[in-house]
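Chemist: The following block contains the structure, expressed as structure tokens.
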Amino acid sequence: MSLLFEPLRLGPVEVRNRIVFAAHLTNYAAGNLPTEQHAAYYAARAAGGAGLIISEEHVVHPSDWPYEKVIHGYRPEVVPGYRRITGAVHAHGVPIFAQLNHNGGQAWSRYSRRVVWAPSPVPDPLFREVPKAMSHAEIAEVVAGYGRVARHCAEGGFDGVEIQCSQSSLVRGFLAPATNLRTDDYGGSLANRARILREIIGTVRAAIGPSRALGVRLSGDDLVEGGVTLGEAVEVARMIAPGIDYLNTSIGVATASLYLVEPSMAVPRGYALPVAGAFRRAVSLPVVGIGRIKDPAEAERALAEGLCDLVGVVRGQIADPEFAGQARAGRPVRTCLSCNQECAGRVGLNRWLGCVANPRAGREAVPLPEPGPRPKRVLVVGGGPAGLRAAATAAQRGHHVTVCERAASVGGQIALAATAPGRAELGDLVRDLSRECRAAGADVRTGVAVTAAQLLAEAPDAVVLATGARPVVPEWAAGLPRVVHARDVLGGVSPSGSVVVIDETGFHPATSVAELLAQRGCRVTLSTPAMVVGQDLGTTLDRELFGRRAHALGVAESTDEMVLDAAAAEDGGVVLRVLRHTTGEVRQVRCDWVVCATHQAPEDSLWHALRDAPFPVLRAGDCLAPRRAHAAVVEGHRAGVSL
């Protein structure tokens, strides 16, 4: 029997398999209370076969309001919402725990209008607010708050609680020497720094009683100067093991090493499992391992190697709510891309969590309309993400679907982007959508160009246009042969010598091409009108590692500047005239090639030709307006549902 599907006891609670949907922010709260959106979201993963679900954090005290939509677990009004969540999950025979937290100095007073509490008055690098050092009375008040919220969770039907001591936590702040400068009983020695955690454990255990499980999520290594280290974390694990039922793990802290808390595809898979392995060797408790585990085989391997007893799979189950069930049946799962665009990135922009690969993520509470009374003949033009998603959704709803893609293979720009350095996992989106199309019976044809006349002659019941976008170089390029688009480079054009890459979109097209050309030996300068190159990489937590790779490759960065015009150099290169915003200086830059990562134009000629067609014509993705992959997938899904 697969280790992944062996049951396991966490104190008084038995889980039916080792797959954990671990705690993560969703931004689904309304008025800081849980919602039906929460209930439907967690229930979908329970229905999909997860062994254990751990909810997002519930803050334990009014001094902690780190972001707008956090759940105020200390308010009695949370209990009805808790019951809706637990009832929805229990309907599928799955236990659910609640995570309790106080963010301490990793917060601000913007929402609470109250001073931030922390062990010491050390400002957090991300929030940049000096907190108040907590008095003994305030420490006791917060410890009591954990007990109050734990009682609310018990009343609300949760099967256990988890105390967060990881990436953003008051308790982690007490444990870390850099943020705990106290000289009283809560500072100095490790035993003193861990005192508040031991007090919280005792208070929470008394509140929930023996019939509910109690766990701790502990940071194994903050990876910052003066942070929690693995050696001390292991000692803390030994201190608290007698009072808890399991240990969950994490790595990184929500400041300088946030990119390791919510890792992009640039971070190796399983990167954090050594932390779980160290805890497991130190204590006789079940340990949850995490670390960008995307498929069941990786989870199985982590268990087989003795690194953990359970495996936290968050984004994998966001992408595919049936991850566990599909794994048990031996069927492929829909794969998380680790792109961070709609999960970590969207939450970071104060929006609710979604998923590029799964257009239903966060929308589980909104029922889909029933399919029409008869199947339709649907022709989809374009086999990129929008077209494949439209085709798969329409075919799954009973329609007869044909996809025509003029290229030799499907995938569109996503397939092209997947050829860039470190971006290969984008190809999982194409593979998964292609598989869904085949499984649903859609007929996908490649190397087939479609004209308006053919569509009118075919007279299908509906047409979905997903014809994408075409690259456009700026007007200042004036037809210069050595000014090309980033898509041209990924498609086979090979600049050499000195290359200026113009970043006007602030995302991966510019940085990916710059990295590719530098690897080929070009002398690359990234130029942007923004304050930083690849500014949106910060949203998806790609900026730090790209910066390190670019520095190692010698990629130069030039910001706050825009190209005014260009001319051919005498030696065949390009001379750019560039304006620097910050000074008003205009200068000339000579290079051998220019690569433009600039906005594209919709490929919408078929749309204009079919405006008066006698059948419905829908558009999805870039042919409507060029954007990113999430828009293509969501609109493709909408088109498929609307037929």
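Chemist: Being under 21 Å from GLU68 (Cα atoms) and in the same structural domain as CYS165 (by TED's automatic domain parsing) narrows it down to one residue among LEU10, LEU25; which is it? Break it down into steps so the answer makes sense when it comes.
Modeler: Numbers: LEU10 fails: under 21 Å from GLU68 (Cα atoms).
Answer to the check: LEU25.
Chemist: Only residues that are of a type in the set (A, V, I, L, M, F, W, C) and either under 19 Å from ALA266 (Cα atoms) or part of a helix (DSSP H, G or I) (or both): list them for segment 444-456, please.
Modeler: So the first thing to find is which residues in segment 444-456 are of a type in the set (A, V, I, L, M, F, W, C), and the list is 444, 448-450, 452-453, 455-456.
Listed by number, the residues that qualify are ALA452, ALA453, LEU455, LEU456.
Chemist: Given the conditions (1) surrounded by 20 or more Cβ atoms within 10 Å (Cβ to Cβ); (2) under 17 Å from LEU433 (Cβ atoms), which single one is not true for ARG346?
Modeler: (2)
Chemist: Taking the criterion of being surrounded by 14 or more Cβ atoms within 10 Å (Cβ to Cβ), closer than 28 Å to ARG334 by Cβ and either hydrophobic (A, V, I, L, M, F, W, C) or under 29 Å from the mean Cα position of the chain (by Cα) (or both), would at least one residue in segment 489-501 satisfy it?
Modeler: Looking for residues that are surrounded by 14 or more Cβ atoms within 10 Å (Cβ to Cβ), closer than 28 Å to ARG334 by Cβ and either hydrophobic (A, V, I, L, M, F, W, C) or under 29 Å from the mean Cα position of the chain (by Cα) (or both), one finds at least one in segment 489-501, hence yes.
Chemist: Give me the helices (runs of 4 or more DSSP H) completely within segment 328-443, filtered to those with at least 1 residues that are touching a residue at least 24 places away in the same chain (Cβ under 8 Å) and more than 20 Å from ALA466 (Cβ to Cβ), ordered by residue number.
Modeler: Output list reads 344-348.
Chemist: Could you list, in sequence order, the residues of segment 63-87 that are part of a helix (DSSP H, G or I) and either surrounded by 21 or more Cβ atoms within 10 Å (Cβ to Cβ) or within 24 Å of the chain's Cα centre (by Cα) (or both)?
Modeler: Within segment 63-87, VAL78, TYR82, ILE85, THR86 qualify.
Chemist: Continuing with this model, one more query. Restricting to segment 563-601, give me the number of residues that are crowded, with 18+ Cβ neighbours inside 10 Å and either basic (Lys, Arg) or farther than 22 Å from GLY497 by Cα (or both).
Modeler: Total meeting the criteria: 1.
Chemist: Hey, another quick one. Hey, can you tell me all the residues within segment 588-629 that are β-branched (Val, Ile, Thr) and more than 26 Å from the chain's Cα centre (by Cα)? Write out each step before concluding.
Modeler: Residues of segment 588-629 that are β-branched (Val, Ile, Thr), as a first pass: 589, 594-595, 598, 617.
Correct list: VAL589, VAL594, VAL595, VAL617.
Chemist: Among the residues in segment 464-476, are any within 30 Å of VAL574 (Cβ to Cβ), buried (at least 21 other Cβ atoms within 10 Å of the Cβ) and either acidic (Asp, Glu) or modelled with pLDDT under 95 (or both)?
Modeler: Step one: filter segment 464-476 for residues within 30 Å of VAL574 (Cβ to Cβ), giving 468-476.
Imposing the further condition that a residue be buried (at least 21 other Cβ atoms within 10 Å of the Cβ) reduces the set to 468-469.
Okay, now just the ones that are also either acidic (Asp, Glu) or modelled with pLDDT under 95 (or both), so none.
For segment 464-476, residues within 30 Å of VAL574 (Cβ to Cβ), buried (at least 21 other Cβ atoms within 10 Å of the Cβ) and either acidic (Asp, Glu) or modelled with pLDDT under 95 (or both): absent.
Chemist: Do we have any residue at all in segment 538-546 that's in the same structural domain as PHE507 (by TED's automatic domain parsing) and either over 27 Å from the mean Cα position of the chain (by Cα) or exposed (fewer than 15 other Cβ atoms within 10 Å of the Cβ) (or both)? Spell out how you get there, then give the answer.
Modeler: Kept after step one, since they are in the same structural domain as PHE507 (by TED's automatic domain parsing), are these residues of segment 538-546: 538-546.
Within this subset, residues satisfying the condition of being either over 27 Å from the mean Cα position of the chain (by Cα) or exposed (fewer than 15 other Cβ atoms within 10 Å of the Cβ) (or both) are none.
Among the residues of segment 538-546, not one is in the same structural domain as PHE507 (by TED's automatic domain parsing) and either over 27 Å from the mean Cα position of the chain (by Cα) or exposed (fewer than 15 other Cβ atoms within 10 Å of the Cβ) (or both), which makes the answer no.
Chemist: Which residues, counting only those in segment 13-38, are more than 20 Å from the chain's Cα centre (by Cα) and not acidic (Asp, Glu)?
Modeler: First, pick out the residues of segment 13-38 that are more than 20 Å from the chain's Cα centre (by Cα): 13-18, 30-36.
Matches in segment 13-38: VAL13, VAL15, ARG16, ASN17, ARG18, ALA30, GLY31, ASN32, LEU33, PRO34, THR35.
Chemist: Mind counting the residues in segment 378-415 that are closer than 30 Å to GLU515 by Cα and surrounded by fewer than 19 Cβ atoms within 10 Å (Cβ to Cβ)?
Modeler: Count: 4.
Chemist: Quick test of your reading of the structure: GLU162 fulfils all but one of (1) in contact with a helix residue (DSSP H, G or I) (Cβ under 9 Å, 6 or more places away or on another chain); (2) in contact (Cβ under 8 Å) with a residue 60 or more places away in the chain; (3) under 18 Å from VAL142 (Cα atoms); (4) not polar (S, T, N, Q). Name the failing condition by number.
Modeler: (1)
Chemist: Residues ILE244, ILE293, ILE251: which one is β-branched (Val, Ile, Thr) and over 28 Å from GLY348 (Cα atoms)?
Modeler: On the way: ILE293 fails: over 28 Å from GLY348 (Cα atoms); ILE251 fails: over 28 Å from GLY348 (Cα atoms).
Going through ILE244, ILE293, ILE251 in turn, the sole match is ILE244.
Chemist: Can you go through TYR246, TYR259, TYR271 and tell me which one is free of Cβ contacts under 8 Å to residues at least 40 places away in the same chain and not acidic (Asp, Glu)? Outline the logic, then answer.
Modeler: Working: TYR246 fails: free of Cβ contacts under 8 Å to residues at least 40 places away in the same chain; TYR259 fails: free of Cβ contacts under 8 Å to residues at least 40 places away in the same chain.
That would be TYR271, the only listed residue that is free of Cβ contacts under 8 Å to residues at least 40 places away in the same chain and not acidic (Asp, Glu).
Chemist: Let me ask you something else. Would you please name the residue that is farthest from the chain's Cα centre (by Cα), looking only at residues in segment 277-309 that are buried (at least 24 other Cβ atoms within 10 Å of the Cβ), small (Gly, Ala, Ser) and more than 10 Å from LEU4 (Cα to Cα)?
Modeler: Result: GLY289.
Chemist: Working only within segment 603-630, note down all residues that are under 22 Å from VAL513 (Cα atoms) and either out of contact with any Asp or Glu (no Cβ under 6 Å at 6 or more places or on another chain) or surrounded by 20 or more Cβ atoms within 10 Å (Cβ to Cβ) (or both).
Modeler: ASP622, PRO626, ARG627, ARG628, ALA629
Chemist: Looking at segment 178-214 only, could you name the residues that are within 18 Å of PHE158 (Cα to Cα) and exposed (fewer than 15 other Cβ atoms within 10 Å of the Cβ)?
Modeler: Listed by number, the residues that qualify are ALA206, GLY209, PRO210, SER211.
The values are calculated or read from the model by the stated rules, or taken from the named source; none is laboratory data. Remember, it's a predicted structure, so these values are computed and weren't measured experimentally. No Cβ is skipped: glycine too gets one built from the backbone with ideal geometry, and neighbour counts run over all protein chains shown.
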